[in-house]
Amino acid sequence: MQNVSLRCVTIITLCWFLVSSNAVAEKPSRFVDLSLLVAPGYPCTWPGFPRFRLLHEQKIGRNSAYNIDTLIIDGNTGTQMDTPPHSVARPELGLAKSNDFGLEFSDKTPAWKLGGEACVVDLYEIRDKAPKGASPRIFKRHITDWEKKHRQLREGDVLLYRSGYTDAYYAPLPAGRRMIADVVEQKAPGYPGPEIETMEYLAGQRNVMHIGTDSPSMGTLPDLTDPSHLAALKFGAVFTEGATGLGQLPTTGAFYCMLSRKNEGGPYTEGRAFAIVGGALPKTLIASIRNKRAIDLSVVNSIDYPMTWPGKGAGRQRQPFTRGNFLYAQELQFFHHGHVTDSMAGTHLVPPAYALPPQHLSPNAYAPQARGWLDEYEQKYGPRGVSDVTTEKVPISQTCGWARVINVQHLVGTTRRDHWPASPQITVDLIKKFEAAKGPLQAGEVVIFHSAHVDRYFLPHIAGEACMADPLNGKSEGWPAPNPAAIAYLAKRGIRCVATDAPSLGGVDPKNALMTYWMLGSKGMVGVEFLTNAGALPERSYFLFAAIKIQDCCGGPGRAIALY
């Protein structure tokens, strides 16, 4: 009897150990945001460059069913990426600094360069250890010592300089002047910066194509700002500048990603940096990057293309995507530039606050038509929600996940011409048919509706009217779009992010569009709109999207890629 009891205890103990071991082995991965908050009251732009501005053009009420924002933003804003043309001249110029990487602006940067395995070099000991206005130097020995202790660096790594500089000094103004302005005025020690030899070693000898720092610039003050950039950019490397929170990462093993906007001719571009730590996911994504298995899903941001919602008829357009030159770089022979843009131009996020007010409004606050639609919506679907979840409050984990691509191209051409403007509706039945053929949707996956509309009609100049203007004005059929019931069904399946390779999830019918966005926001879901190239995604791929971390913004310009 004692032996039986002993065996039972042993079995119970073994089972507990196995369960515990599996719990450890299956520990979920977590996302770590490594980006600075972009807001007018912060030192998010370089002294002398155009200041960031957020303009609330329209708020939900009698004149608008949506919260609509305009941004004035420069590529050197917040957490940002430098591409080779920041310092490498175009090859046709025949300058000493010219080579082929002088053409690899942000819209030409391969998606695989945006991420990799985070290799964090601890530089806390050198922070502030320099004269006022000068940078503490990052020497080659800092890298080789790290390699002796850990492992040799290689392609697919992202080398991150971690000193805690932004953690310490990125603060609301006027205290935030310590970040950059006081350094430029030689009132405080500078941020850590690398020597030329350090950068040449990383990019030239170790083939590390992505180097990041939690300093506001990769440049070394006061005298080596551009040479230290050129030392790595000439090999085709890219930089993350102005990262923050790098102390949250392990020395190796985390997946790091910097999703910079895809701006045409951008030598540097605003973006969003983050990492994935723990679990099996980082290893999977790192392997994809090392093998260059990456697909770009974002449209190029260009003044020549139909990026901005034109509205129906005349005078209802949102702020067109506009490029503004402000400083000529003689040694590179191009203008530094920023943009004035609608916050939902190009590939972008739809946060709940886009269509939902922050608190319940009186029915009289809406225009009569919208008030009637709201009554109809609530009678059919229940109370519509409210939300103050603007772009910066949407967790990056919500906009990333294993992709489930639902092909809806068969819906194209199914509406009657005399019903235009109209979009074919993506229904619950269509989604259920997909699940029957491909397997049920799983919580946390990202559903992507693939209509190929943007692939076909994202064209320059007059030809580009086929993308949005013609469908909105009834000259052609609208793109396929989900109805509110389809969004509600996805919410029940645990889907938190819905994406489309069409200009919008709402389609061209204003009533269906508004109800779809109400449902999306009321369920706490978000959308990613204006993707391209979704048809290139294999059966299994991991979708990555992140919007610039703009405070109080009701739209989210960003970048989407997929790894497989």
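All of the numbers you see were taken from the coordinates with simple rules; none came from a lab. Here the structure is a predicted model, which is why all the values come from computation and not from measurement. Cβ: placed from backbone, ideal geometry, glycine included. Neighbour counts: every protein chain shown.
Observations on the structure shown:
- Listed residue pairs exceeding 23 Å between alpha carbons, taken from LYS113/LYS262; LYS27/LYS292; LYS97/LYS292: LYS27/LYS292; LYS97/LYS292
- Global form of the stretch 358-438, assessed from the alpha-carbon gyration tensor, a/c cut-off 1.5: oblate
- Both the radius of gyration and Dmax for the chain are 25.0, 91 Å, in that order, over alpha-carbon atoms.
- Averaged over residues, the count of other Cβ atoms within 10 Å places the peptides 528-537, 317-326, 377-386, 132-141 in the sequence 528-537, 132-141, 317-326, 377-386, highest first.
- Comparing SER343, GLN152, THR284 along the charge dipole axis of the chain, the residue lying farthest to the positive side is THR284, per the Cβ-charge model.
- At least 24 Å along the helix axis (C-alpha) and Kyte average at least 1.0, DSSP helices within the chain: 2-25
- Rg in Å to one decimal, and Dmax rounded to a whole Å, for the stretch 54-176 via C-alpha atoms: 20.7, 65
- Take the Cα radius of gyration of the stretch 346-563 and divide it by 2.2 N^0.38 Å, N being the number of residues; the result is 0.98.
- Under 29 Å, Cα to Cα: Lys pairs in the stretch 346-563, sequence gap 8 or more or different chains: 23
- Dividing the mean sequence gap of close Cα pairs (under 8 Å, 6+ apart) by how many residues the chain holds gives a relative contact order of 18 percent.
- Charge dipole magnitude, Cβ of K and R +1, D and E -1 - the chain, Cα centre, debye nearest 20: 1180 debye
- Cross-link reach is defined here as a Cα-Cα straight distance under 29 Å, omitting same-chain residues fewer than 8 places apart; for LYS187 the lysines meeting it are LYS129, LYS132, LYS140.
- Sites matching trypsin sites (Lys or Arg not before Pro) across the stretch 499-547 that sit in DSSP coil, with at most 12 neighbouring C-beta atoms within 10 Å: ARG540
- For the stretch 444-460, 3J(HN,Hα) per residue [Karplus equation, 6.51 cos²θ - 1.76 cosθ + 1.60, θ = phi - 60°, Hz, x = Gly/Pro]: x, 6, 9, 8, 10, 7, 10, 10, 6, 4, 5, 4, 7, 10, 7, 10, x
- In the stretch 346-563, Cα pairs under 8 Å separated by at least six residues give a relative contact order of 34 percent.
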